[in-house]
1. Answer with yes or no whether L255 is in contact with a Cys (Cβ under 8 Å, 6 or more places away or on another chain) and at pLDDT 90 or above.
2. How many residues are modelled with pLDDT under 95, more than 17 Å from P328 (Cα to Cα) and assigned to a loop (DSSP other than H, G, I, E, B) when one looks only at the stretch 270-296?
3. Condition (residue is open to solvent by 20 Å² or more (accessible area, probe 1.4 Å) and under 25 Å from A254 (Cα atoms)) applied to the stretch 457-477: is it met by at least one residue?
4. Can you name the residue in the stretch 269-280 that is open to solvent by 10 Å² or more (accessible area, probe 1.4 Å) and touching a strand residue (DSSP E or B) at 6+ places or on another chain (Cβ under 7 Å) and is also farthest from G486 (Cα to Cα) among such residues?
5. Kindly provide the set of residues from the stretch 322-346 that are open to solvent by less than 10 Å² (accessible area, probe 1.4 Å), touching a Gly at 6+ places or on another chain (Cβ under 9 Å) and either of a type in the set (S, T, Y) or assigned to a loop (DSSP other than H, G, I, E, B) (or both), ordered by number.
6. Grab the helices (runs of 4 or more DSSP H) fully contained in the stretch 68-172, keeping just those with 2 or more residues being open to solvent by 50 Å² or more (accessible area, probe 1.4 Å) and modelled with pLDDT of 95 or more.
7. Would you mind finding the one in A510, A527, A490, A494 that is buried (at least 20 other Cβ atoms within 10 Å of the Cβ), more than 19 Å from S258 (Cα to Cα) and modelled with pLDDT of 95 or more?
Amino acid sequence: MTELLTAAQMRAIEQAAIASGEVTGLELMERAGRGVVEAIFEEWPELRATSHRAVVLCGPGNNGGDGFVVARLLKEWGWEVEVFLYGDPEKLPPDAKVNCERWCGLGPIHRWNERNVEAAIYSEPNLIVDALFGLGLSRDLSPSDLSYVFDAIKDHLYMEFLPMVSIDIPSGLCSENGHAQGFALPTSLTVTFHRPKRGHFLGDGPTTCSRLRVVDIGLGGHQFDKESVYTTDPPRWPATGKSTPKHKYAHGHALILSGPPGRTGAARLAARGALRIGAGLVTVGCPAEAVAEHAAQLDAIMLRPLADGAALAGALEDARITALCLGPGLGLDDHAHGLVAAALGVLKPMAAPDPREGAEAPDLGGGSDAARRAAGRSLVLDADALTILSRHPDLFAALHAGCVLTPHAGEFARLFPDIAEKLAAPATKGPAYSKVDATREAAKRAGCVVLFKGPDTVIADPSGRCSINSAHYDRAAPWLATAGSGDVLAGFIAGLLARGFAPMQAAETAAWLHVECARSFGPGLIAEDLPEELPKVFRALGL
């Protein structure tokens, strides 16, 4: 588990260390610069030789100060170094100004203009160091700012494979939400300090950063609690042994709801995921006319005809059903609406007609006891079920702490249009609104766990606890972009809920295993492969 910081948190950590007398700002800047140089030599060992040339682009803040330290250390190593400063040296922050003066004892600061900078970049240096803007950038960069520099560097990166290092975060990339601030500079290596930042894992961050190294500069021991965001961890599975109950119901019973014939595959994917991840029993509930379609392809998974919401309400009188999953291939008609309503314990029709169908939803029946039981049962709502929730406020209001919502970006926008609008709006001043903020706000509004899908999956509960399951860097899994993978994820969560995992723990564990299964299988992955890869992943984890 790795803590991901905001710019404000990082500043507070640094200021607390300085105020305590443990370290000075100049010492931190020196450690940062040395850490960057060490990371460069570790990444490209061939650059340890002295016959190389670097172009260092320094900005008007402390990020520029780090750049001056890097320039000085490379010069002392024997490199030829050209330094350009974007801004007025007299207006640099105090520590950056000191390091600017130290550099001036070794070499000049070249005049910043389009011709000079472009000429330096196109002169084929062995390394470019981006120390222009650090974590504090909170506005869009206009084309007039640095576009010619960015274009020249991008041309060189793509055409010449020139090593390019960004200090803290690539210039133009927001450290809060990972969005490009107008435009952002893609880099070969990003070196940050103490802890990764949220923008390294959200939005455009991972692709822009390329590779990420975190350098320890001696700030250990400072932790945040209330606002902390973490990366997800490998699962901690409940211990097993001779005393572990062997009956299948001891590991829970997951009920997966299916759509009509011709739309049953998604439910089977979810059901297979629930069974493989450890639910003791899995049943697919479906319209009677879909039973044969399922039966032709299912063995260990049971089948139960469920005609409507009333039938589901009756089935839920069985307390041994410990988790439900609704949405994959469910459909959007009155039948599907009735199933969602029954699962949430809402047993009366909507007062307003369904605007899509132009008709009222059916009376579900089932009685108040069934409603109470349904309302407390663990429940995964995915795909079509999320669209139904977005159309029916009464159903949304029935969400409870045992629910997990798993929207992708489009479904999130339907469920939480105002939050999605804030997330899409450009930042004008910091701190920027991020996917973390959006997911936390959505979870608080829904009163349940929200898993906002994507390569940068964000998971939050109503209390504000939040984690990021990133499929980037050493956990990159581009093969997950395949039809049905989200249905399997929903099944993974349902299976863990059935086993007794808490909703947040189930969502985090399922998301981590989902990525790990894709990484284990590799290229050529299709959704059906994900559940079948779980045994191999479990063995690798020693479970």
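1. Against the criterion (in contact with a Cys (Cβ under 8 Å, 6 or more places away or on another chain) and at pLDDT 90 or above), L255 qualifies.
2. 4
3. Yes; the residues of the stretch 457-477 include at least one that is open to solvent by 20 Å² or more (accessible area, probe 1.4 Å) and under 25 Å from A254 (Cα atoms).
4. Within the stretch 269-280, the match that is farthest from G486 (Cα to Cα) is G280.
5. Listed by number, the residues that qualify are P328, L330, G331.
6. Result: 94-104.
7. A510
To keep it simple, each residue is scored yes or no on (1) open to solvent by less than 20 Å² (accessible area, probe 1.4 Å); (2) under 12 Å from C174 (Cβ atoms).
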site	(1), (2)
R414	no, no
A420	no, no
A425	no, no
K429	no, yes
Y433	no, yes
E441	no, no
A446	yes, no
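The values are calculated or read from the model by the stated rules, or taken from the named source; none is laboratory data. From a predicted model like this one, the values you see are computed outputs, not experimental measurements. Heads up, the Cβs are rebuilt from the backbone with ideal geometry, glycines too, and the neighbour counts pull from every protein chain shown. Surface areas here come from the heavy atoms of the whole protein model, side chains and all, with no ligands, DNA or RNA. Shrake-Rupley method; radii C 1.70, N 1.55, O 1.52, S 1.80 Å.
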